[in-house]
1. Here are labelled values, [x] 56, 55, 22; [y] 44, 30, 28; [z] 43, 42, 19, and one is the computed Cα extents along the principal axes in Å for what I pasted. Which one?
2. Once you list every other residue whose beta carbon is under 14 Å from the beta carbon of SER61, what net charge do they have if Lys and Arg are +1 and Asp and Glu are -1?
3. Normalised by the residues of the chain, what does the relative contact order come to in percent, with Cα pairs under 8 Å and at least six apart?
4. Nearest 500 deg cm²/dmol is fine: what mean residue ellipticity at 222 nm does the chain get from its DSSP H runs of n ≥ 4 alone, each adding -39,500 (n - 2.57), divided by its residue count?
5. Assuming R0 = 35 Å, can you tell me the calculated FRET efficiency for the pair PHE15 and GLU76, based on Cβ-Cβ distance, to the nearest 0.05?
6. What does the charge add up to near GLY91, with Lys and Arg as +1, Asp and Glu as -1, over the other residues with Cβ less than 14 Å from its Cβ?
7. Given DSSP loops and a limit of at most 12 other Cβ atoms within 10 Å, what is the longest stretch of the chain that contains no such chymotrypsin sites (Phe, Trp or Tyr not before Pro)?
8. Measure off 7 Å from each Cα along the Cα-to-Cβ vector at THR104 and TYR3, then give the distance between these two points in nanometres to one decimal.
Amino acid sequence: MHYILHKPYRVVSQFITNEQKRKNKKLLGSLGEFAEGTMAIGRLDENSEGLLLLTTDGKMSAAVRQKSVEKEYHVELDDLITDEAIRQMCGGVEIGFAGKRYTTLPCKVERLDPVSGFAG
């Protein structure tokens, strides 16, 4: 089974947790009925919302998460983004997960026109 889900703000991108600090968090399973063994392909930060792919196929999940699979993200901000912030994103973004800090791979960043949605 494969699902496409709009993950709302303040929902954690997982179905179960054994971490005490996450016991009171809203998880994906609270958003509807899913087949047993459903997992998120990737994750969105708890403080973000957007499209999330879910599957019961572990091989499919692993294949999509490979570095060789190009991914594209469109991000909307509450304020204007600076040229310096764009340069920093190009070099990778530091994120935290499960108490550890990671830096994402470098990426291509384009500023989209707020009206048309096209790069410019």
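The values are calculated or read from the model by the stated rules, or taken from the named source; none is laboratory data. Since this is a predicted model, take the numbers as computed values, not measurements. Here the Cβ is made from the backbone with ideal geometry for all residues, glycine too, and neighbour counts use every protein chain on show. The accessibility values were calculated without ligands, DNA or RNA, using every heavy atom of the protein model including side chains. Shrake-Rupley method; radii C 1.70, N 1.55, O 1.52, S 1.80 Å.
1. Matching entry in [x] 56, 55, 22; [y] 44, 30, 28; [z] 43, 42, 19: [y].
2. Its environment carries a net charge of +3.
3. Result for the chain is 20 percent.
4. Working: 2 runs with 16 residues, N = 120.
Estimated from H runs of four or more residues: -3500 deg cm²/dmol.
5. 0.85
6. For residues surrounding GLY91, the net value is -1.
7. Here the longest run is 10-72.
8. It works out to 2.4 nm between the two label points.
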